[in-house]
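Each reported figure results from applying straightforward, stated rules to the coordinates on display, with no laboratory input. Quantities reported herein were computed from a predicted structural model and do not represent experimental measurements. We place every Cβ from the backbone using ideal geometry, glycine too, and count neighbours over all the protein chains shown.
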Amino acid sequence: MKLLIATTNKGKIEMFKSIFRRKAIYIVFLNQIGFKGEPPAENGKTPEENALIKARYYCQKTGLPTLADDSGFCIDALNGEPGVMARRWGGELPDKISDEDWLTHYENRIRRVRRKKITGSFPFSRAIAFPDGRTFVQNDKIEILLSKTPRRPFQAGFPVSSVHVFPDGRHSLDVSHDDPVWRQHWKKEGFFDLLKRAGLVAE
């Protein structure tokens with residue numbers, strides 16, 4: 001079965017390629033199928049709402065079963081900023097802000113935090129939509145640790161990777177997608193359960 005992954009984010013593309021490497025599912029991305037339409041308005045109030053908006057939209061436009069995801073980025077010491085609109089920092093930043101400018105904004109905001117241990121979370125949703133109208137959703141949240149100083153070079157399309165560290169002290173950029181820590185951290189088992197519920201992989 002061909003499954004469309006509804007993203008143009010370079011970091012996410014590499015992540016999904018790694019996840020599906022050993023799965024008997026043929027995945028394609030928007031740039032591979034030459035999709036030229038405008039993206040949908042992601043005006044949901046939760047990651048689940050936005051993931052479903054994207055999955056249903058691209059499924060309808062292409063006729064392909066579609067997987068879309070959405071996440072927030074919440075820093076505890078900043079009262080949950082930036083929230084669901086993580087890339088736009090809750091509406092403070094423009095839609096097309098560069099990775100480097102986003103990191104500069106992060107540094108300016110996090111500078112006021114006096115704590116040595118900075119905690120936060122990634123609430124996220126993954127949604128699969130089928131042409132017949134069926135939808136399946138996975139919701140979860142990842143607890144994270146953050147550093148004040150972004151690491152460069154960072155992963156293009158996913159600048160938050162340069163400020164995210166693991167409890168064992170390793171930087172997220174140093175942990176491969178096949179690492180057991182990464183696997184547990186990114187809830188891959190829950191993702192595979194989503195694929196099973198959607199009938200895309202065998203039990």
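Here the dipole of the chain is about 240 debye; that uses its Cα centre as origin and unit charges on the Cβ of Lys and Arg (positive) and Asp and Glu (negative). Cross-link pairs exceeding 27 Å between alpha carbons, from the set K23/K45; K61/K96; K17/K61: K23/K45. From helices alone, the chain scores -8000 deg cm²/dmol at 222 nm; the rule is -39500 (n - 2.57) for each run of n ≥ 4 DSSP H residues, then divide by the residue total.
Here's the picture: charge each Lys and Arg Cβ at +1 and each Asp and Glu Cβ at -1 in region 2-197, and of I27, F16, P180 the one pushed furthest to the positive end of that dipole is P180.
Using only alpha carbon pairs under 8 Å that are at least six residues apart, calculate the relative contact order of the chain and give it in whole percent. The normalised contact order for the chain reaches 20 percent.
Give me the compactness ratio for region 53-199, meaning the Cα radius of gyration over 2.2 N^0.38 Å.
1.14
The residues V165, V201, when put in order of fewest to most other Cβ atoms within 10 Å, stand as V201, V165.
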